[in-house]
Each structure stands twice: as C-alpha cells, then as structure tokens.
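Peer 1: Take this structure first; my questions come after.
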Amino acid sequence: MSAPSPIFVAGTGRSGTSQLADILGEHPQIHRIPIETRFIVDPGGLRDLADALTIRYDPYLGNDALRRLSDILTVRLVGRRDRDRGHTVPVAIGERHYWDAVGRLWSELVESTFGESVPGAGFRHATWPAGPFEPQSYRRAVPRYFGDRRELIEILRRAVDTMFGGAAADAGKPIWCEKTPFNLLCMDFLWELVPEATIVHIKRHPVAVVASHVDQPWAPPTVDGALAWLKPVYDRWLGWKGTADLTNRRYVEVRAEDLAADWPEQRRALFELLGVDDFATRSTFRSHSLENRNDQFDPGTREFVRRALDGVIPAMGYA
C-alpha cells in the first residue's frame, strides 16, 4: 500500500465526481473540501497566474492576472454561495485558514503598487472640469517576476496547504480531497503544484454524460449544444493522455458503472490505491443514479449522439 497523499477528483462533470468525493470524505482519514473551490484551475486562478508571472510575464499581463485572482479570492468566492451546500468557499474551508492564505499572497506576489492618474471627462478642455465623483487615479500593481518558477510554485503551494491542510486538520484528518471536474484538463499543473497528489479520474459512459448535461441549468439545453460543450473536453483529455507519461504519477482511473456494479470490492481497491485502509462508508455508489439516463434519449437521438462521439466512446473505455 502506498503512502496516503492529497487527492484531486476530476471528470467531465456529471460523471460522478461529487458522489465519489462525498464518499471519499466519509473515510476517517480523508477530509473532503465540501465545495468546488475553483481558484486553482478556473480562468484567472492560480494556474493562469503561474504563467503570467513566469513564462508569459510582462507588467501589464501580470497586473491583470493579479487583479483577476484578487477578484476570484476576495469578491467572487466570498459573495457566491454554493447552490447545493449553501455556503461560500471561505466558510467551507474555514475563514481563518482562507484569509491567512489570501492575506499573505499579496506581499509575496506584488513588488509595489501605485496610483495611475486618470484624466477627467474634460481632459484637454479647460472649460470642462472633472466631475466631483470621477476617480482621480487607478490602482495598479507591479507584479513580481519569477525567473525561477519553482519559487512561485512554492508560494502557491503554501497557500493551498494553509487552506486545505488547515481545513483537514480542523476535521481531525490527515488527508484533504478537492473536487473540481475540470481538474481533468489541468493535471500537469496540479502535479506541479502538489507533486505527491493522487488524481482520481472518474468516467461515465459519454452518452449518459451528454444526457445529464442537457438537464443542467449551467449547461446547453440541447443535444447539439451539449455535444459542442463536451466533445472538445473529451478530445483535449484524450490528446493529453496520449502523450502524457503517467509512469511515476499517482493517477487512478475508475468507471462509475464499475463502482456501482461491485461497490464493496471496488471501494476496497480504490482505498488501497489511495494508500488508506478499507472502510465501509455510510454511502455507496448508487447504480440507479447512473441508470436513470438510459432511456432519456429516443433511439434516433441516442444513435446520433453515439455517431457524434464515435471515436470518444471506445477511447474512454466503453463499447
């Protein structure tokens, strides 16, 4: 049995990521961060920042990357409550851990700040004075440039450890588990950030994934729209996997259908791969949650989806 390590759960969305992460969080050694934190892999998050302050650096790009990260960490995640769980990311992690990490980031990432003068509406027209409420300056940051990317990654890793590690410690557990479906497309960066992490990729039959997307308020409501949303995700994932060297990586790939068909044995094997003892979790992987999509499409629509995903379905391990 390998030593336990932090866990990222990944998938296409509607493939069982939430159900699997919830079950992992029932293990006495694993704390599931009870919300999609999103600040690592989302646009404007840590992944984008890492490139903006290293290989893509210029002062304007770096300023924009810092501003976008600040918006995520201090506005978006603070003001938006999770639709299913009813709390914000700082509350889910723990306010103290969250703000300790966020507060320290700026001193480590920003070289200096200054106010850029903003001309009033009457600029160049002496008889048109600026209005009384027009901003007089625009706050800018001079971002640090990290010639050694490893130094920046260490700073970002420390922030993640403060948040996720602190939340796990509060729960009395040594391992944290974070679930965001599109971790799927960011594995290289996740392993750069947390080299010892285990990434668990849960798959589901692509036709069922399309059917489930059509019913979600955040996804296209038509079959054509869902295919346009999902097929590039599958293509990118399969293209990456075809060239990736996973030999020395902690990578676990499971099918939702297999978990549901033989849960106790599949659970035992999964926990062994994660480096923890088997544990009879309160929840199980439910087959009816997977089968409820089998009859959603009429035969013609189902065949249309299968043809559209002709190369994807076998490549994902389905007949």
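Peer 1: Extension gain Asp245-Arg286, at 0.36 nm per residue separation less the Cα-Cα distance, in nm?
Peer 2: 11.5 nm
Peer 1: If you average the sequence gap of Cα pairs under 8 Å that are 6 or more apart and divide by the length of the chain, what percent do you get for the contact order?
Peer 2: RCO, the chain: 28 percent.
Peer 1: Separate question: Counting pairs on different chains as well as pairs 8 or more places apart, how many Lys pairs in the chain have Cα atoms under 20 Å apart?
Peer 2: Lysine pairs meeting both conditions in the chain amount to 5.
Peer 1: How many nm is it between the label spots at Glu303 and Ala171, if each spot is 7 Å from the Cα in line with the beta carbon?
Peer 2: Once both label points are built, they end up 4.7 nm from each other.
Peer 1: Divide the volume of the convex hull of the Cα atoms of segment 268-312 by its number of residues and quote the answer in cubic angstrom per residue.
Peer 2: 100 Å³
Peer 1: Please work out the average accessible area per residue across the chain, using the 1.4 Å probe convention, and give it in Å².
Peer 2: 49 Å²
Peer 1: What is the percent carbon and sulfur in the accessible area of the chain, measuring with a 1.4 Å probe over the protein chains and ignoring ligands?
Peer 2: C and S fraction of accessible area: 52 percent.
Peer 1: Along each principal axis of its Cα atoms, how long is segment 243-295 end to end? Whole angstroms, biggest number first, please.
Peer 2: 39, 31, 13
Peer 1: Assuming R0 = 35 Å, can you tell me the calculated FRET efficiency for the pair Asp295 and Ala269, based on Cβ-Cβ distance, to the nearest 0.05?
Peer 2: Rounded to the nearest 0.05, the efficiency is 0.70.
Peer 1: Another question about this same structure. Can you pull the one-decimal nm distance between simple spin-label points at Asp100 and Val252, each 7 Å off the Cα toward Cβ?
Peer 2: With each label placed 7 Å out from Cα toward Cβ, I get 2.8 nm.
Peer 1: Taking loop as defined by DSSP and a crowding limit of 14 other beta carbons within 10 Å, which trypsin sites (Lys or Arg not before Pro) in segment 252-286 fit?
Peer 2: Answer in residue order: Arg282.
Peer 1: Okay, next question. With runs of 4+ DSSP H residues as the only contributors, calculate the mean residue ellipticity of the chain at 222 nm using -39,500 (n - 2.57) per run, divided by the residue total and rounded to the nearest 500.
Peer 2: Dividing the helical sum by the residues of the chain leaves -12500 deg cm²/dmol.
Peer 1: Then there's this: Between exposed GluC sites (Glu not before Pro) in the chain, where DSSP calls loop and at most 14 other Cβ atoms lie within 10 Å, what's the longest gap?
Peer 2: 27-195
Peer 1: Could you give the distance between the Cα centres of segment 215-235 and segment 269-288, to the whole Å?
Peer 2: 30 Å
The values are calculated or read from the model by the stated rules, or taken from the named source; none is laboratory data. Keep in mind the model is a prediction, meaning the values are calculated, not measured. For neighbour counting, all protein chains shown are included, and Cβ atoms are generated from backbone atoms with ideal geometry for every residue, glycine included. Quick note on the areas: whole protein, heavy atoms, side chains included, nothing else; ligands and nucleic acids left out. Shrake-Rupley method; radii C 1.70, N 1.55, O 1.52, S 1.80 Å.
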